[in-house]
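These notes concern the structure reproduced below.
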Amino acid sequence: MGERPYLYFLLQLLKVIIIFITEIISKSSIKEHMSRKNLFILIVLFPLLHGCVALNEVNQYAATSTAALSKVNDIDYTFSDYCLHDCELQQIRKGEIDTLFKCECEQQAGKADEAIQKIHFTITSYLTAIQRLSDNKGFTYDVSNLTAALQQNPLLKLTDEQIGVYNSAGNFIATASSIFYRKKKLKQYIERADPVFQSLTETFIFLINNRLREQLRIDYETRLANISQMLDNAKNDKGFKQVVVKLYLDERTYYKKHETVINSYVSLLRTVQKGHHELFLQRNNLKDTKIRGLIKRYAQDAKDILASLQK
Amino acid sequence: MLNPDTQQVFELSDYFHQLGNAVGEYIQQNKNFLENDERNYLYDKQIELLQFAGRINLIGVTLVFDEVQDALKEMNKITADVQKTIKKVLTVQQAIDIATSLVGIGTAIISRDPKLFAKNCGRATSLISAINNKKT
């Protein structure tokens with residue numbers, strides 16, 4: 001059944017059908033039938049429930065991480081922005097209007113931004129898939145047609161009350177089977193993905209925290225040097241000096257604003273990275289309340305940082 | 001871990017950055033002793049050094065991107081496998097529908113109803129074909 005979940009579910013459903021038929025043939029009363037039914041359901045469900053995992057926590061982690069990663073746009077500063085600012089400064093420093101001046105930012109800066117976007121997209125796509133697979137809402141089943149078909153069978157003579165009970169039990173069994181299968185697959189995928197996930201997120205953090213931050217700082221310091229030169233050359237022109245000081249204040253605000261967002265985003269990325277590694281380390285103990293609490297905490301940390309970004 | 005060559009590109013960028021800052025500090029400390037031309041010359045050099053640093057940093061980032069291609073491919077492969085599993089689990093409802101048809105076939109045999117038999121056989125066949133088509 002490893003790669004064919006539907007055959008396994010079919011087998012479970014057939015088991016239940018056999019149980020129902022046996023029950024009816026033995027002509028037991030509804031009350032007796034109900035208590036035996038509970039016993040049968042327990043027997044059928046035991047192997048399914050035994051492996052149940054904290055899917056909710058994995059889902060919560062993946063959902064918060066996806067939302068956290070989407071905040072990359074809040075940084076609102078790209079390598080192309082640097083290139084355009086640099087190009088603008090070159091024109092300003094020429095001190096003349098040159099309509100033919102060209103800014104070639106597509107090649108290097110464009111490729112650098114593409115690197116950020118592609119790594120971001122790859123990590124997000126993986127987390128979105130994990131979120132979908134761990135989402136119980138997407139995997140509920142309806143066996144009402146099946147029980148209606150059973151009711152039409154002249155040999156079985158099922159009452160409406162019995163049909164109602166079988167409906168609920170059938171839906172429950174099908175959903176529980178899916179939980180068991182999804183938990184098993186999630187564990188396998190988290191195990192397989194973690195080394196690559198850690199390496200990719202580390203590279204992503206390095207690019208944002210180290211290289212994009214460096215680019216922003218170089219951008220700011222280059223403009224600051226230009227402003228200082230203007231100020232030193234202004235001599236006694238007080239009005240012009242005031243304009244230059246205003247330029248400096250604007251540049252400083254721009255730099256600080258973007259640096260703050262980079263700090264928050266890097267904290268988010270670190271939380272997402274650690275959270276996945278914790279999932280990997282605890283993949284066999286995901287039922288444990290303490291572990292569930294720990295995974296929840298990562299999701300909560302990410303939520304808190306997200307909230308601080310939205311302020 | 002970064003490739004040593006890429007690491008060196010970033011070190012070179014950082015070196016130009018530090019050099020630019022050192023020139024800037026020199027200007028600020030010796031402003032009163034410098035002639036206008038000397039001061040402007042040094043400002044020009046400071047800005048040039050910082051611009052070099054920025055451009056070399058961009059080159060380094062594109063090199064990192066080339067380095068992570070294999071990791072990106074592996075991650076995309078895992079994502080595709082997760083998506084396949086999602087599709088497979090979604091076939092459970094189809095399995096329930098097949099079971100419904102099979103029960104219908106049984107009922108048709110017992111009640112000797114050829115119409116009901118043909119209807120349920122047709123339904124079961126089309127459901128199974130649909131699953132097989134999705135696989136290929």
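Where a number appears in this text, it was derived from the coordinates with a stated rule and is not lab data. Just so you know, these numbers come straight off a predicted model, no measurement behind them. All Cβ positions, glycine included, derive from the backbone under ideal geometry; neighbour counts span all protein chains shown.
With charges set only on the Cβ (+1 for Lys and Arg, -1 for Asp and Glu), what does the dipole of chain B come to about its Cα centre, in debye to the nearest 20?
The calculation lands at about 2040 debye.
Taking a cut-off of 15 Å between Cα atoms, list the aspartates and glutamates near A:LYS111, but don't count ones fewer than 8 places away on the same chain.
Those aspartates and glutamates meeting the cut-off are A:ASP81, B:ASP66, B:GLU67.
Place +1 on the Cβ of every Lys and Arg and -1 on the Cβ of every Asp and Glu in segment B:76-135, take the dipole about the Cα centre, and give the residue among B:ALA118, B:THR79, B:ALA95 whose Cα lies farthest towards its positive end.
Toward the positive end, the furthest listed residue is B:THR79.
Given 0.36 nm per residue, what is the gain on full extension from A:ASP194 to A:GLN242 after removing their alpha carbon distance, in nm?
Answer, rounded to one decimal: 11.8 nm.
How many nm is it between the label spots at B:LEU12 and B:GLN83, if each spot is 7 Å from the Cα in line with the beta carbon?
Simple spin-label model gives 3.9 nm for this pair.
Can you flag which of B:LYS77/B:LYS119; A:LYS94/B:LYS31; A:LYS238/B:LYS45 are past 30 Å Cα-Cα?
From the list (B:LYS77/B:LYS119; A:LYS94/B:LYS31; A:LYS238/B:LYS45), the Cα-Cα distance tops 30 Å for B:LYS77/B:LYS119.
I'd like the distance between the alpha-carbon centres of segment B:43-120 and segment A:83-123, rounded to an integer number of Å.
34 Å
Where does helix B:4-30 land angle-wise versus the long Cα axis of chain B, in degrees 0 to 90, nearest 10?
Tilt of helix B:4-30: around 40 degrees.
Determine the shielding of peptide A:103-110 by partner chains: average, over its residues, the number of Cβ atoms on other chains within 10 angstrom of each Cβ.
The shielding value for this peptide is 2.
Below 14 angstrom from the Cβ of A:GLU202, what's the summed charge of the other residues (Lys, Arg +1; Asp, Glu -1)?
Around A:GLU202, the surrounding residues sum to +1.
What is the helix-to-structure angle for B:69-90, meaning the angle in degrees between its Cα long axis and the longest Cα principal axis of chain B, kept from 0 to 90 and rounded to the nearest 10?
That works out to roughly 30 degrees.
Compute, for segment B:76-135, the length of the dipole vector about the Cα centre, with Cβ point charges of +1 (Lys, Arg) and -1 (Asp, Glu) only. Units Debye, rounded to 20.
180 debye
Please tell me which of these pairs span more than 29 angstrom C-alpha to C-alpha: A:LYS187/A:LYS257; A:LYS71/A:LYS184; A:LYS137/A:LYS296?
Among A:LYS187/A:LYS257; A:LYS71/A:LYS184; A:LYS137/A:LYS296, the Cα-Cα distance tops 29 Å for A:LYS187/A:LYS257; A:LYS71/A:LYS184.
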